Structure formats: structure tokens, C-alpha cells
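Beneath this line is the structure, given in C-alpha cells, with notes to follow.
The values are calculated or read from the model by the stated rules, or taken from the named source; none is laboratory data. A quick note: this is a predicted structure, and the numbers were derived from the prediction, not measured. So basically every Cβ, Gly included, is an ideal-geometry build from the backbone, and we count neighbours across all protein chains shown. Keep in mind that these areas ignore ligands, DNA and RNA; they rest on the heavy atoms of the full protein, side chains included. Shrake-Rupley method; radii C 1.70, N 1.55, O 1.52, S 1.80 Å.
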Amino acid sequence: MIAENINHIRQEIGQNVKLVVVSKFRRVEEIEEAYKCGHRIFAENKVQALLERYEALPKDIEWHLIGHLQTNKVKYIAPFIHTIQSVDSLKLLQEINKHAQRQNRVIDCLLQIYIAKEETKFGLDAQECHDILNSGILKTLQNIRIAGLMGMATFTDDMTQVETEFRYLKKIFDDMKSKYNLPGFKTLSMGMSNDYILAVSCGSNMIRVGSKIFV
Ligand SMILES: *Cc1c(COP(=O)(O)O)cnc(C)c1O
């Protein structure tokens, strides 16, 4: 089932959109099943779970973090994390850079933009994001790469609302891409199980899907 679901989604989204399989709350055996059908990009939302899965699973997996990251936990994931999709401050970027440097690595970072109507979600607004991208400090951070933006739409059945939020994020992404000279700025991560088709039609090139794969 897991393999069929992954292949089905791959066909729907095409070659130009990356599928990140969200493995949070799943058993290691289920993740292994996805791995065996050739999938290599997985995401967790908690540092502790990420560490456990990293230990338990093959080392050629590209791990992404999609949940809020506290600065004091960066050191645990810095040796292996590929992409941190949930960056919401310059301070966090500095901390990631510091630990990436110690590991002699470059870590991809996506800035998480707040697009939903809900109060609870983490993230930056467009102005805060511009402030980070304009900051002189950013240019000194050699061990991180600002690879793009991530956003989560409002949790609702109102697809018109979701579409408005996705189109807004795509616009911010395009603005930033043309305004700042960041060679690695290529990824727009938006779309989950319930809305990834819509997200891709609005310009997403990375989707994060969990429940639709591990039904
Ligand atoms: C859980 C989660 C997902 C995946 O959600 P599904 O609805 O299970 O596909 C994607 N992105 C983030 C940030 C998440 O926390």
C-alpha cells in the first residue's frame, strides 16, 4: 500500500515537484517500507523523533525538519540534517550556521512563512522575512543556504481560502527570488495530504505528505 501511494502521488505531481514523505508518528517498519520502494526524502516535526529515526534507519536518507526548532536543540541534528524547513528567526539561522560550521557542513534552510488564518502556527510574516534576507549578518553565514520558503495553509475544507493563501505565498516567493541574489533560493514547500494538488497548481515545487501515504 505505502509503495502504491507514493507512486500514485509521484505520477500526480510530475518530475518537477519533490515529494517529502512525512513520517512523524509512524513506526520504523512503515518508513522502511517507503524506503524499500526507493524513497529517500523523509521529514519529522520533532527533534527527539528525528534522532531516533536517524539512528534506526539507513544513512542515505535525506532528513528534513518541519516542526519548530529551539536554538538549544540545533546541535543534536546538525551532524546529519539535510534541510530545516521551519526557520523562523535570524537568531536560529545563526545558531544553525554555527553548528553546521563545526560539522564542516552546509545545511539547507527554508524560511517558514505564516500564511494561515489560525493563531497558533509558527512562522514569519513577509516583512520579517524581508528583514532577514536584507540583513548584513546573513551574508556572513557561510554554512547555511537559504533554499526557499515553506508555508502551511489554514486547516479548513474551504479550498478557496487555501488557494488564496497558496497564491499569496507563491507571490512572496517570486518577489524574493527576483529581489535577492540568492543562488540557492529555489524551493517553495507548500501542500500536504489534503491540498497538495492545489498547491502544485499554485506553483509549489515541494510537497510534504504523511497521512495520505500511511493510511
Ligand atoms: C504533519 C505535517 C505535514 C503532513 O501532513 P499530512 O496531512 O499528514 O500530509 C506537512 N507539513 C507539516 C509542517 C506537518 O507538520
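Counting only residues at least eight positions apart within a chain, or on another chain, the lysines with an alpha carbon under 19 Å from that of Lys59 are Lys24, Lys36, Lys46, Lys75. Per-peptide packing, taken as the mean over residues of other Cβ atoms within 10 Å, places 179-186, 92-99 in the sequence 92-99, 179-186 from highest down.
Of the accessible area of the chain, with the probe set at 1.4 angstrom, what percent is carbon plus sulfur?
C and S atoms contribute 50 percent here.
Note on the chain: antiparallel DSSP beta bridges, both residues inside, total approximately 0 percent of the bridges counted. Note on the chain: with a GNM built from Cα contacts shorter than 10 Å, the maximum mean-square fluctuation among Ala199, Ala43, Ala116 falls on Ala116. Highest mean first, the peptides 15-21, 70-76 sorted by other C-beta atoms within 10 Å per residue fall in the order 15-21, 70-76. Per-residue ellipticity at 222 nm, computed for the chain from helices alone with -39500 (n - 2.57) per DSSP H run of at least four residues, works out to -12000 deg cm²/dmol. What separates the Cα centres of the range 173-199 and the range 93-156 is a distance of 13 Å.
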